[in-house]
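This report concerns only the one structure given below.
The values are calculated or read from the model by the stated rules, or taken from the named source; none is laboratory data. Worth saying up front: this structure is predicted, and the values here are computed from it rather than measured. Because the Cβ atoms are built from the backbone with ideal geometry, glycine has one as well, and the counts that use them run over all protein chains shown. The accessibility values were calculated without ligands, DNA or RNA, using every heavy atom of the protein model including side chains. Shrake-Rupley method; radii C 1.70, N 1.55, O 1.52, S 1.80 Å.
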Amino acid sequence: MAIYLTKAGKEKLLKELEALQKRKPLVQEEIARAREHGDLRENAEYHAAKETLTNIMRRIEELDRKINSSKIIEDLNIESDKVFIGVTVSLQDEDGDDYEYMIVDLEEADPSANKISVQSPLVQGLLGHKAGETVTVELPAGKAKFKILKITRQ
């Protein structure tokens with residue numbers, strides 16, 4: 001299954017992968033040193049290093065899979081006049097409050113940076129709609145209406 005990333009999002013994953021690949025041999029050295037201390041059953045240093053290595057290996061596999069199955073949003077021919085992944089949408093709720101969100105894949109979602117997942121209930125309700133439309137969206141707290149003010153594509 002493909003995941004959709006911005007160029008910056010893919011670069012972030014690549015940097016994390018590189019850092020983990022550099023850290024892996026260091027943890028393997030820790031394991032080797034811990035083995036030298038004798039009885040492994042009661043060697044906390046050895047078990048901690050093994051657990052760390054397992055976590056690193058698991059994350060490396062996950063990152064490899066995501067990077068290799070990723071599609072770069074900026075390279076796709078996505079309609080820029082409708083709400084889809086890769087666009088920034090400006091909204092206004094019923095109270096007149098304005099919001100602006102970049103719609104990204106779950107991997108890049110960061111609400112504190114106004115990047116929300118395409119899988120979120122808000123975006124699911126907005127998908128395919130155009131600027132100027134008022135859309136009723138089913139949110140966990142109940143139904144809410146949003147007017148789509150503007151859609152831009154980076």
For the stretch 131-148, which positions are more than 12 Å from Thr88 (Cα to Cα), open to solvent by less than 80 Å² (accessible area, probe 1.4 Å) and not β-branched (Val, Ile, Thr)?
Gly132, Glu133, Leu139, Gly142, Ala144, Phe146
What pairs come out if I take residues in the stretch 42-62 that are in contact (Cβ under 8 Å) with a residue 60 or more places away in the chain and pair them with residues that are of a type outside the set (Val, Ile, Thr) and open to solvent by less than 50 Å² (accessible area, probe 1.4 Å) whose C-beta lies under 6 Å away, six or more apart or interchain?
none
Single residue of the stretch 84-109 satisfying the filter (among the hydrophobic types (A, V, I, L, M, F, W, C) and under 19 Å from His129 (Cβ atoms)) that is most open to solvent (accessible area, probe 1.4 Å)
Phe84
Within the stretch 1-25, which residues are at pLDDT 95 or above, among the aliphatic types (A, V, I, L, M) and loosely packed, with under 12 Cβ neighbours inside 10 Å?
Ala19
If you check Asp81, Asp64, which single one turns out to be open to solvent by 30 Å² or more (accessible area, probe 1.4 Å) and closer than 21 Å to Ile148 by Cβ?
Asp81
Return the pair list, or none, for Cβ contacts closer than 6 Å from residues in the stretch 1-30 that are under 16 Å from Ser69 (Cα atoms) to residues that are among the hydrophobic types (A, V, I, L, M, F, W, C) and at pLDDT 85 or above, at least 6 apart or on different chains.
Tyr4/Ile85; Lys7/Ile72; Leu13/Leu63; Leu13/Ile67; Leu17/Leu63
Among the residues that make up the stretch 50-67, is at least one of them touching a strand residue (DSSP E or B) at 6+ places or on another chain (Cβ under 9 Å), under 30 Å from Val135 (Cβ atoms) and among the charged types (D, E, K, R)?
no
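Filter the strands (runs of 3 or more DSSP E) completely within the stretch 71-154 down to those with at least 2 residues that are over 16 Å from Lys7 (Cβ atoms) and without any contact (Cβ under 8 Å) to a residue 40 or more places away in the chain.
Result: 98-104, 115-117, 134-139, 142-153.
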